[in-house]
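Worksheet: one structure, shown below.
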Amino acid sequence: MDTIASLFSFITTPVSWIIVQFHKLYGAIFGPDTGWAWGLSIVSLVVVIRICLIPLFVKQIKSMRNMQALQPKMKAIQERYKNDRQRQSEEMMKLYKDTGTNPLSSCLPILAQSPFFFALYHVLSKIASGDTIGVLNQELVNSAREAHIFGAPIAAKFMDSEEKVAALSASLTDVRVVTAIMIVLMSASQFYTQRQLMQKNVDLTVKTPYMQQQKMLMYIFPLIFAVTGINFPVGVLVYWLTTNVWTMGQQMYVINQNPTPGSKAQDNYLQRLLKSVSSHGEVRGRRRRSVVQAIVAKGADRNDNERKFFAGLAKAGFAAQADGTVIKSDTVTADAEAGSAARRQQPKRQSKAQRQSGGTHQTGEAKPSLEKQQDTPPKPAGKSSPATPRQAKSGQRKGSQRPKHPSSKK
């Protein structure tokens, strides 16, 4: 670990400078040699680094959304070449290249933090040995060696010997208890962050290599932290626990406010939005209006969550507009009520006998004959009207009869 940390020694000077600047601030409040002053300086270092990494986090979110949009195509490739793994991998790589998607973008924040992580490890290792590094002079190094966080020096490790811990004015039991608790919290926070991402912000119905990768990371990263954490100084554990908590809060914000389309989180978000529209009669907030505007623009390409949201709006008597607003629409409600009323008032289906007779209603009353309804003049006696059709005998076809052939008998 010391060899790896030495590779990032070029960044130890800016890291140590940031820590010293925050130590001046917190030292004036809590005292320069306290664990609060040095511990909060490390926490503030994390905050500065994570603020600088926000553009990478945004890129990570966009890459994950692209991966979600590609999942149907990835599923089709997987089913088409399910017996040819090599061809399947080639088609996947081609799809990534054509769409400009990088499946490893989800690891960008962690990779970008690695130089700062190892630089801090290198700084704390020098503090433990009493050597100056970066902008830390001997006075600051001695002050940091005396700083304890819940009885554990910030430069002590879980695997340190009792003699080394005693040289830092601490007991081995205190160091191991504090480091063990911090390792557990660090691993648990990492696992929870990845788990809530998998359960709420992705579509688990589609099995793709990307989903398998995310599921694998959910178990691998906490295991890595648990195994390697015993070799980290207390100050590095503070750093990594803080960045995990930051990531967890950042992920919760994204899930609640900007969920992935088609995910469970989107369904919960749209239901909250529907409840707000029903209560206030409008879409409150520019960001919410942009969400409604994007859903309206999708047209027939809306997912199930978005169609459910629009159905809820119609049921509440609202219609979404292209600019993201909603209007009170009586037509939507009237159409819905008319449709339900029409379904309730459909006439009963008549039997075959009723259709043939044509004279019986559902109530059993006979239809009045057409001849009876018309006021026709009386026929002259002894003469028959040539226009009046002959009454059909039993077994004969009703209606006009075909004329007989002249040679036939009358």
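The values are calculated or read from the model by the stated rules, or taken from the named source; none is laboratory data. Keep in mind that this is a model prediction, so the values were computed, not measured. FYI the Cβ positions are ideal-geometry reconstructions off the backbone, even for glycines, and counts take in every protein chain you see.
Looking only at region 258-289, which residues are at pLDDT 85 or above, under 17 Å from the mean Cα position of the chain (by Cα) and of a type in the set (S, T, N, Q)?
GLN266, ASN268, GLN271
Within region 32-72, take every residue that is more than 19 Å from the chain's Cα centre (by Cα) and among the charged types (D, E, K, R) and give me the one that is surrounded by the most Cβ atoms within 10 Å (Cβ to Cβ).
The extreme case among them is ARG50.
Report, by residue number, each residue of region 179-210 that is within 21 Å of MET92 (Cβ to Cβ) and either modelled with pLDDT of 90 or more or surrounded by fewer than 19 Cβ atoms within 10 Å (Cβ to Cβ) (or both).
Taking region 179-210 and keeping what is within 21 Å of MET92 (Cβ to Cβ), we get 198, 202-210.
Those that are within 21 Å of MET92 (Cβ to Cβ) and either modelled with pLDDT of 90 or more or surrounded by fewer than 19 Cβ atoms within 10 Å (Cβ to Cβ) (or both): MET198, ASP203, LEU204, THR205, VAL206, LYS207, PRO209.
Quick test of your reading of the structure: GLY281 fulfils all but one of (1) of a type in the set (Gly, Ala, Ser); (2) outside the structural domain of LYS200 (by TED's automatic domain parsing); (3) surrounded by 19 or more Cβ atoms within 10 Å (Cβ to Cβ). Name the failing condition by number.
(3)
Is there a residue being under 20 Å from THR242 (Cβ atoms) and part of a loop (DSSP other than H, G, I, E, B) anywhere in region 136-148?
Taking every residue of region 136-148 in turn, at least one turns out to be under 20 Å from THR242 (Cβ atoms) and part of a loop (DSSP other than H, G, I, E, B).
For region 97-107: of the residues being surrounded by 17 or more Cβ atoms within 10 Å (Cβ to Cβ) and in a helix (DSSP H, G or I), which is modelled with the lowest pLDDT?
Within region 97-107, the first condition is being surrounded by 17 or more Cβ atoms within 10 Å (Cβ to Cβ), and the residues that meet it are 101, 103, 105-106.
Now restrict to residues that are in a helix (DSSP H, G or I): 105-106.
On the way: SER105: 67, SER106: 63.
Filtering region 97-107 for residues that are surrounded by 17 or more Cβ atoms within 10 Å (Cβ to Cβ) and in a helix (DSSP H, G or I), the one modelled with the lowest pLDDT comes out as SER106.
Exactly one of (1) surrounded by 14 or more Cβ atoms within 10 Å (Cβ to Cβ); (2) within 30 Å of SER161 (Cα to Cα); (3) modelled with pLDDT of 80 or more is unmet by GLU91. Its number?
(2)
Results for (1) within 23 Å of ILE255 (Cβ to Cβ); (2) at pLDDT 50 or above; (3) surrounded by 12 or more Cβ atoms within 10 Å (Cβ to Cβ); (4) of a type in the set (A, V, I, L, M, F, W, C), shown as yes or no for each residue.
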{"site": "ASN303", "(1), (2), (3), (4)": "yes, yes, yes, no"}
{"site": "PHE309", "(1), (2), (3), (4)": "yes, yes, yes, yes"}
{"site": "PHE318", "(1), (2), (3), (4)": "no, yes, yes, yes"}
{"site": "ARG355", "(1), (2), (3), (4)": "no, yes, no, no"}
{"site": "GLY364", "(1), (2), (3), (4)": "no, no, no, no"}
{"site": "GLN374", "(1), (2), (3), (4)": "no, no, no, no"}
{"site": "PRO378", "(1), (2), (3), (4)": "no, yes, no, no"}
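Which one of these is under 30 Å from PRO222 (Cβ atoms), touching a helix residue (DSSP H, G or I) at 6+ places or on another chain (Cβ under 7 Å), among the aliphatic types (A, V, I, L, M) and crowded, with 16+ Cβ neighbours inside 10 Å: ALA144, ALA128, ALA170?
ALA144 is the lone residue from the list that is under 30 Å from PRO222 (Cβ atoms), touching a helix residue (DSSP H, G or I) at 6+ places or on another chain (Cβ under 7 Å), among the aliphatic types (A, V, I, L, M) and crowded, with 16+ Cβ neighbours inside 10 Å.
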